[in-house]
Structure formats: C-alpha cells, structure tokens
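What follows is calculated from the coordinates using simple rules that are stated; it is not laboratory data. Remember, predicted model here, so these are calculated numbers, not experimental data.
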Amino acid sequence: MKKDELLTIGQLAKQAGFSTSAIRYYEVEGLIQPAHRTASGYRMYEEQAVRTLSFIKRAQQLGFSLQDIRQLLAFQQGQQLELRSLVSLVEERFLEIERQVTNLLIQRHEMALFMQSVYDQVQGRPLMNGEELLTQMIEQVCADPFRRPVFQVLDWLIEVTQCHISYDEAYALLGDLRGMHFHMWRDEDIYYILVVSDKEEVFQALQKLADFEAGCTAHSSPESLPPGVTIEEEGFLLQAKGKNAFIYARLFMALEQEISQYP
C-alpha cells in the first residue's frame, strides 16, 4: 500500500469505531501495529487495521481476554497454532460462560421459589400492588425463556469436563426425586445443592452420585473438591468445589425440569 493510502490514527479510529486512546492501548499490548511512522512520529495504518480492530471488538464481546485475542490474531494472520489449542481456547471460554449462566440460573431458581412462597403467603389477601401484577411476575420468573435442548448442552458439558457420569446415569440414580424441593447456591467457589428430604433412599442416591464422581478428572486440580453429601436439619446437602463443580447445579436443574414433566 502506498504511503498516501495509509490511515492516520484519527482516520482509523473513525472507521473502526474506536477511540485513539484505545488504539494506542492495543498497540502497547501488541495487538495492532502501525505500518509506518512519519518523520514527525505520526502513526500510519494499513486498511487491514480496520478489520483487525473489528475482530478485537467482536472477540471482546464474546469474552475473550487480551491474551486469548493475541493468540487468535496470530492464528488469523497465518502463524502456526495447533488446531487442538484453538479448540481448547474456544471451549474454555464457552465453559466460563456456562459457569456464569449457571450462577444466574441458580439465582433465578431460588427467586422463583421465593416469589412463589410470597404468593402462597399473601394469596387471598389484599395486595398493595394488585394480585394480578404479582401473579404475572411469578409467571415471568418461573418461565423458561431459553427453550433450548438443555440435556444436549449438559451432555456436552459432562463430556468436555471429563466427568464420569452421564445424564442418563444421573437420572437413573436421582430420577425418583419427584415432588422434592432443591435449593442451590454458590459461596465462593463451592456449589451447594440441598435436597429437602429425610428419606434414606434419597441420601443413598446422592451418596452414590458423589462416590461415582470421586475419581473424576474434573475434580483433580488442587483447588477442586470431589462432591460429598452431609445430613443437615433441612435435608441432604451435596457440595462440590472447583471450576467444574457448576456441572452439579446444571445436572440438578436438568433433573428438576425433566422430573416436573412427569408428575
């Protein structure tokens, strides 16, 4: 490209929709470089820089870190990168999204129970904001807006995190929990699942699930903790720690959804 066809940093910022300070930051981070500097030190960029910045923006929207983007750009620009490394990079980002989604689903799950409890308490009494409004709120919270194949996603999560159990095996163990309440929450990096029950067979099923996963590679990192079951006043508490422990919350959500379809 001829020098008179190069873009100034201001022109590049306008075309790419970035501030000049952001472009300078990406230059410091090694994500983009000027093609030429004038005698007075002004940065000049090729047209390709617009596409590079668009790629960076989209990758950031997907949640990739700058280190991830650096690898993706290197691959895009023809440098060698093992395909397995590329797959691992993308999978790990997807897993992180699933962890975040799981935490939101846990909050939604508990909020639905809370709102239903509020509704049950005030049913038949005058409501400050109207019974119809509260009913509508409960229906919105309890609805499933995703309508996605949750079991296919769960099977993929179990496979990619190398958990030992499959959804079918989990359902065989825990499929008799009809009518029971699950409470799920997260504290730090520990996931808790409380099954409100005093039945010995429920405890045994949960214990088998924990034992089944005891040697799973998904819990082999130093910061992980294989699932365990304790007896609490309210019921049986399953807990697991580590970056892949969110699988258990998703598993019980999937079980609850399927069990609720077959009263």
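Under 25 °C and 0.890 mPa s, how fast does the stretch 3-79 diffuse according to Stokes-Einstein, given a Kirkwood radius computed over C-alpha pairs? Answer in µm²/s, whole number.
192
Roughly speaking, what is the stretch gain from residue 169 to residue 40, that is 0.36 nm per residue apart minus the C-alpha to C-alpha distance, in nm to one decimal?
Details: separation 129, 0.36 × 129 = 46.44 nm, distance 6.93 nm.
Here the segment from residue 169 to residue 40 would lengthen by 39.5 nm.
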